[in-house]
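Data block below; observations after.
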Amino acid sequence: MTVTTAPARPGRPWTVRVAAWSSRHRWIVALLWFVLTIGLFVTSVLAGGTRAVEAVSRDQGAKYESIEGTQIFSDANANAGPEAAASQPFILLVSNPGGTVTDPASAAAVKDVVSRLVALQSTVDGTAGPVFQQLVDPSTAPPQAGLISPDKTTVRIVGQVPGDGQAVTDRMAPVPAALDELRGAHPGLEIHALNNTLANNEIAELINSGLDKSLLLTLPITFAILLIAFGAFVAAVVPLVLAVTSLLAAFGVLALYSQTVAAVSPYASQLVVLIGLAVAVDYSLFMVTRFRTERRHRRPKLGAIEASSATAGRAVFFSGLAVTISIGGLFLLDDPLFRSMAIGTIAVVLISVVGSLTFLPATLAILGDGVNRGRIPIFGRERAEGSGVWATIVRAVMRRPVISFLISGGLLVVLALPVIRLHLGQGDFSSFPDSLDSVQAINLLNAKYPTGVGLDFNVVVTHADEQPTKDAIGRLGPAIAAIPGIGGPADVVMAADGKTASVNFKMPGDPNDQRNQDIVRQVRSSVIPTTFAGAPGARALVTGDAAYTLDVANFYLKGMPQVVAFVLTLSFLLLLVAFRSIVIPIKAILLNLLSTGAAIGLMVVVFQEGWLEDLLGFKRGPIESFVPVFIFTILFGLSMDYHVFILTRIKEARDHGMTSNEAVARGISITAGTITSAAAIMVCVFAVFLTLPLTIIKQLGFGLAVAVLIDATIVRSILLPASMRLLGEWNWWLPRWLGWLPHVTIEADIDEEPGVEGTAGAPVPESVPALPS
């Protein structure tokens, strides 16, 4: 049968014109979509794949005092003469759980371990050589070296791995197999290695395996929810096809960025999956739902596609724009790794929007009513539009808006209260799962060496060759050593240039300990200004583990207000222009802030204070520094997604003559089923990340899952209708002085005479299944 349609008229919305063109060239558009998305991914693989930085690294390019101080001391050594050969520390812990390492059998085993490590060879740049240099045998080292633990059950074998970057990676290549051989040769001993390269390789493998696991879980779960939502096999497959191809293209963009611009965060790929799968499926859900609704109303196929693009398609565009604006706020933070996470997330959102406006119309034009094939019993039955449990709840809320508003709003305020106890921190090796050998090494190190092995606490001082500065350094050491929690006396080390000094201390505990961070603040704000008052030319910069962690936390704390202001301002303007109301954007922002606050409050209770610690399998501790601001931007964008989708149907009903209250009840009722399905998919996708071993990913998954659940239930189905019922016609109030705003509507009027399908007068199928509510 020959299919024709009238050409898209110039006056129609551009989303309709794009959809009409895609429908007419359906096979070419579909083929081009697969070629471009899969081709982008294949190109990135051929270019070298995604280049990520180490999971535990301080080389982030951010301007922190702790990083600046470390760099000043390093430059003072490098610029003073021949640069010392680069190397990386290596520690091997050998422990005897059933005795001491000084008994004859254990001592002989330690000797064997040392000799094997000394003999271990590797090839770097075609040249063979020893893996380790300066390897120290603990049995011959002096007691003051502290290589044997106080209880004599454990020894530390320390050495250096020559080189840096890829040279260290290549040199360390045979070490994992060698460690396995050592454990096999001495099964009675515990042997754990601590080295930056080894640890980050373990973490990278953990992250990649987690990515594979997340996809294996989320895709079947998402498909199952889509089957329930659509009640048809083919309709459930379409969103997954868009989601998978969008993910591939976004992976390609991220990888090419990492190869041509800068290495990306190791968590960037996880975030692409986390956000991409959710939004791509959501956008497909909106489009396919509207197409099936229009077909049920007996519109011709191509007319239904154009009507869907004029309504749901434009809502998808504005929703994607809102999400992009929100995530775009992250660029205000000058952190290259954070920026890479934003780039990956924005890429997958924009690609999903493009696919929804081109690939989906082409696919629906190819399938037609075939999208309803594979009907599922019970779920595939027809239901009246606006029916279902959520529609019943909305009607009940509209009858008692004051009580509904006070109870639901009060609940969210209570959930948000723990935010005042929020403690931001930075994940280190110890925050990763105990299954990692590096984490076991750290745990053993902390358990067996309670003194002498702690956190670095250093003060880098410039102009150290001048007498006033020397006097200040002399006062600084005792002043810091007198602070409880600092191990003294000070160890003053001069750089090779003779002008820069590092005043070094040790401190116990964890970099995230509040007490350690308070010490950093005290030294910076009080001790240094006092002791260096007589040395105005000198700079004293606090570096070390706790200082770095505090700097990272402060970076995000100080940057969050500007990100929040940026996102709120642009979101306000977008909704103001789209709905020509000043009340709607203000109310939308308040509701989104409330749901975000509740989600972060629950994160504090769960992850920081340890609720559900055993059930979810994580170590309680601070909230990762970037997580709250990232959740805010993502959730705000996704919340706007639902908000725009609901409000467009409310406005559509109001524009067709309904009162404000009738339009609210109608709009929320008929979107409740789609919103529930979309939210269920998002919650499940995000919740899957709770099964992964990384605490950072667990925090992101939990925060987003809880936030979307709260947003789609309490906020959208109770708070929103209750507030709109209370405000009535005031919802649509626009001051006269804003009357100059352009008339930009999200959902265009649907053509009453849609495009013709088939020959003139061709009948429309009588039975088109409805989407379940």
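For this structure, a couple of remarks:
- Screening the candidates 201, 195, 208 for the property of being of a type outside the set (A, V, I, L, M), in contact with a helix residue (DSSP H, G or I) (Cβ under 9 Å, 6 or more places away or on another chain) and open to solvent by less than 30 Å² (accessible area, probe 1.4 Å) yields one hit, 195.
- Matching residues, the stretch 128-179, being free of Cβ contacts under 8 Å to residues at least 40 places away in the same chain, among the β-branched types (Val, Ile, Thr) and either touching a strand residue (DSSP E or B) at 6+ places or on another chain (Cβ under 6 Å) or in a loop (DSSP other than H, G, I, E, B) (or both): 136, 140
- Taken together, 625, 595, 581, 571 contain a single residue that is surrounded by 18 or more Cβ atoms within 10 Å (Cβ to Cβ), closer than 30 Å to residue 460 by Cα and hydroxyl-bearing (Ser, Thr, Tyr), which is 625.
- In the stretch 506-541, the qualifying residues are those that are in contact with a Leu (Cβ under 9 Å, 6 or more places away or on another chain) and assigned to a strand (DSSP E or B), and the one that is farthest from residue 446 (Cα to Cα) is 540.
- From the list 218, 245, the lone residue that is at pLDDT below 90 and open to solvent by less than 30 Å² (accessible area, probe 1.4 Å) is 218.
- Residue match in the stretch 259-281 (condition: open to solvent by 30 Å² or more (accessible area, probe 1.4 Å), touching a helix residue (DSSP H, G or I) at 6+ places or on another chain (Cβ under 8 Å), assigned to a helix (DSSP H, G or I) and more than 30 Å from residue 117 (Cα to Cα)): yes
- Single condition residue 347 does not satisfy, out of (1) open to solvent by 10 Å² or more (accessible area, probe 1.4 Å); (2) of a type outside the set (Asp, Glu); (3) under 26 Å from residue 670 (Cα atoms): (3)
- Selection from the stretch 462-485 of residues that are in contact (Cβ under 8 Å) with a residue 60 or more places away in the chain and β-branched (Val, Ile, Thr): 462, 469
- Among residues that are in a helix (DSSP H, G or I), over 23 Å from residue 416 (Cβ atoms), in contact with a strand residue (DSSP E or B) (Cβ under 8 Å, 6 or more places away or on another chain) and small (Gly, Ala, Ser), residue 578 is not included.
Residues are listed down the side, and each one gets a yes or a no for (1) at pLDDT 90 or above; (2) not polar (S, T, N, Q):
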position: 472; (1), (2): yes, yes
position: 475; (1), (2): yes, yes
position: 480; (1), (2): yes, yes
position: 487; (1), (2): no, yes
position: 501; (1), (2): yes, yes
position: 523; (1), (2): yes, yes
position: 569; (1), (2): no, no
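- So residue 304, is it of a type in the set (A, V, I, L, M, F, W, C), buried (at least 23 other Cβ atoms within 10 Å of the Cβ) and under 32 Å from the mean Cα position of the chain (by Cα): no
- Those residues of the stretch 633-661 which are more than 37 Å from the chain's Cα centre (by Cα) and within 14 Å of residue 720 (Cα to Cα), in sequence order: 660, 661
- Test: residue 690 is open to solvent by 40 Å² or more (accessible area, probe 1.4 Å), under 30 Å from residue 595 (Cα atoms) and at pLDDT 80 or above: no
The values are calculated or read from the model by the stated rules, or taken from the named source; none is laboratory data. These numbers were taken from a predicted model, which means no experiment stands behind them. Methodologically, a virtual Cβ is constructed for each residue, glycine included, from the backbone with ideal geometry; neighbour enumeration extends over all protein chains shown. In case anyone asks, the SASA skips ligands and DNA or RNA and just uses the protein heavy atoms, side chains included. Shrake-Rupley method; radii C 1.70, N 1.55, O 1.52, S 1.80 Å.
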